[in-house]
């Protein structure tokens, strides 16, 4: 099912995800999987590749793998890492940044089972960007 994150960004998740908004983030969850999405505008003086370069330099040293994605007018970076939670519990995280000329969609996939990583990557790769169009009246 397609969920509209913003006017421009759409993510496709199954209907069994529950959702809520918290601190300007859209959070989807079901047993074993949490997906957190947030979008922000690019600063006027910064292009998408400038932003991706800055993000690349901030990828944690303990990242297991780094990912690159390009699709049409959008590009993205992602990385995986193990998050150590309380009581010795670990979760696999896929953190992604998909950037257009005007905005960035950051999505974190938090997985109880590493076997869900291919699913998370496929959801990231299928994110849809639909740029806003100026609807000027023609005369």
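Provide a single number: the residues in the range 1-30 that are without any contact (Cβ under 8 Å) to a residue 12 or more places away in the chain, more than 16 Å from residue 130 (Cα to Cα) and surrounded by fewer than 17 Cβ atoms within 10 Å (Cβ to Cβ).
Within the range 1-30, residues that are without any contact (Cβ under 8 Å) to a residue 12 or more places away in the chain, more than 16 Å from residue 130 (Cα to Cα) and surrounded by fewer than 17 Cβ atoms within 10 Å (Cβ to Cβ) number 4.
Which count do you get for residues in the range 60-72 that are surrounded by fewer than 15 Cβ atoms within 10 Å (Cβ to Cβ) and either in contact with a strand residue (DSSP E or B) (Cβ under 6 Å, 6 or more places away or on another chain) or at negative phi (or both)?
Number satisfying all stated conditions: 9.
For the range 94-109, how many residues are closer than 15 Å to residue 27 by Cα and surrounded by 20 or more Cβ atoms within 10 Å (Cβ to Cβ)?
In the first step, residues of the range 94-109 are kept if they are closer than 15 Å to residue 27 by Cα; the result is 94-96, 105-109.
Narrowing further to those that are surrounded by 20 or more Cβ atoms within 10 Å (Cβ to Cβ): 94-96, 105, 107, 109.
Summing the residues that are closer than 15 Å to residue 27 by Cα and surrounded by 20 or more Cβ atoms within 10 Å (Cβ to Cβ) in the range 94-109 gives 6.
The numbers here are math on the coordinates, done by the rules we state, and not lab data. The structure presented is a predicted model; accordingly, all values stated were derived computationally and were not measured. A quick note on method: Cβ atoms are made from the backbone with ideal geometry, for glycine too, and the neighbour counts reach across all protein chains shown.
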